[in-house]
1. So, residue 295, is that one in contact with a helix residue (DSSP H, G or I) (Cβ under 7 Å, 6 or more places away or on another chain), assigned by TED's automatic domain parsing to the domain that holds residue 171 and either farther than 25 Å from residue 205 by Cα or buried (at least 24 other Cβ atoms within 10 Å of the Cβ) (or both) or not?
2. Considering only the stretch 172-194, state which residues are part of a helix (DSSP H, G or I) and surrounded by fewer than 22 Cβ atoms within 10 Å (Cβ to Cβ).
3. So which of 383, 395 is in contact with a strand residue (DSSP E or B) (Cβ under 7 Å, 6 or more places away or on another chain) and assigned by TED's automatic domain parsing to the domain that holds residue 32?
4. Can you confirm whether residue 51 is under 20 Å from residue 121 (Cβ atoms), out of contact with any helix residue (DSSP H, G or I) (no Cβ under 7 Å at 6 or more places or on another chain) and touching a residue at least 12 places away in the same chain (Cβ under 8 Å)?
5. Any idea how many residues of the stretch 77-126 are free of Cβ contacts under 8 Å to residues at least 40 places away in the same chain, buried (at least 18 other Cβ atoms within 10 Å of the Cβ) and part of a loop (DSSP other than H, G, I, E, B)?
6. With the condition kept exactly as written, say whether any residue in the stretch 285-295 is modelled with pLDDT of 95 or more and within 16 Å of residue 348 (Cβ to Cβ).
7. Criterion first (in a helix (DSSP H, G or I), touching a strand residue (DSSP E or B) at 6+ places or on another chain (Cβ under 8 Å) and farther than 28 Å from residue 65 by Cβ) does residue 364 satisfy it?
8. Return yes when residue 216 is out of contact with any strand residue (DSSP E or B) (no Cβ under 8 Å at 6 or more places or on another chain), surrounded by fewer than 22 Cβ atoms within 10 Å (Cβ to Cβ) and not assigned by TED's automatic domain parsing to the domain that holds residue 137 and no when it is not.
């Protein structure tokens, strides 16, 4: 660990924007943890000041991740864009490029949260700073021009390393053309002091606060309303589950998972139009900042994604709070839940039946979940990111010394 703050590497993280999502939560945990520990001096630059996603306009200053960085003493700036302003997202004004260039030059190392912000780096010519791209998906083919931006940065020699949160991410991006020498896997981790089981009385109180009986079977779905997450499949499985388990309740959390989203309302109407009694046991809660409490009140944490996932945080967070993870076979999900949860196909009835089995076996899986906690520690993750950053920083220094 660097003991002299004046000699600590200065690291700038580039965010597309601040909005609800697992990748932003994880990256923010990394930045706040390394900055707060004094190992590096971190700052962040967000392209957008507000972003509309999943039928919700999400402002940077209201975002939990932004607030976490500020509380940790991390300086956060923005180019001030809004996704509602109708501008070409790939074009930057001279003023924006000038501001970004000044931020980039003040850093020793640049980290890009996903590949999308690399379009800014590629356009801010003349800034010679090594870039670490932090990738959290397993579908580069669905990332549009962002994959091209990543490959351009690699071909130009700007890309010094790529941190992949999962083996499926590494394999997919290598197949897409990223040199294997740049790819490093650092598995996702979480704050185990925050995500942990609670007492039985606390669990009952948490359920009561959401209108859920203490003896109910509770399935939680923590995801944004997006085709990748396959909310239609989840809702279809929820219909079968609630028909089969008369004590069952379903909780839905995330951006767009509220009655303010007409697309979710339409999905629920399609599945439950003839059974309003079942629909009353569905609880769309929207974005929550206390997911550790939601998970602690649940029996099962469900994931029905059809593509794109790498190492979903919801499975890790839910399991470490005592919920049994049940997932479709996407990304590294099967590796994550091995021994502590279940993997299903994409059939709604199979998924619903597996939720029932998982809830019934929750007690017998407690020991395995407790034993798995060390491998999901964010301390281990922070060490992995720090090692990559410091290697890149040393390499850049050695290159300058040779010039």
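The values are calculated or read from the model by the stated rules, or taken from the named source; none is laboratory data. The shown structure was predicted, so the numbers you read here are calculated from the model rather than taken from an experiment. Methodologically, a virtual Cβ is constructed for each residue, glycine included, from the backbone with ideal geometry; neighbour enumeration extends over all protein chains shown.
1. Taking the combined requirement at face value, the residue does not satisfy it.
2. Answer for the stretch 172-194, where residues must be part of a helix (DSSP H, G or I) and surrounded by fewer than 22 Cβ atoms within 10 Å (Cβ to Cβ): 172, 174, 175, 180, 181, 182.
3. Among 383, 395, only 395 is in contact with a strand residue (DSSP E or B) (Cβ under 7 Å, 6 or more places away or on another chain) and assigned by TED's automatic domain parsing to the domain that holds residue 32.
4. yes
5. Residues flagged as free of Cβ contacts under 8 Å to residues at least 40 places away in the same chain, buried (at least 18 other Cβ atoms within 10 Å of the Cβ) and part of a loop (DSSP other than H, G, I, E, B) within the stretch 77-126 amount to 3.
6. no
7. So residue 364 does not fit the description; no.
8. Here the answer is no, as residue 216 does not meet what is asked.
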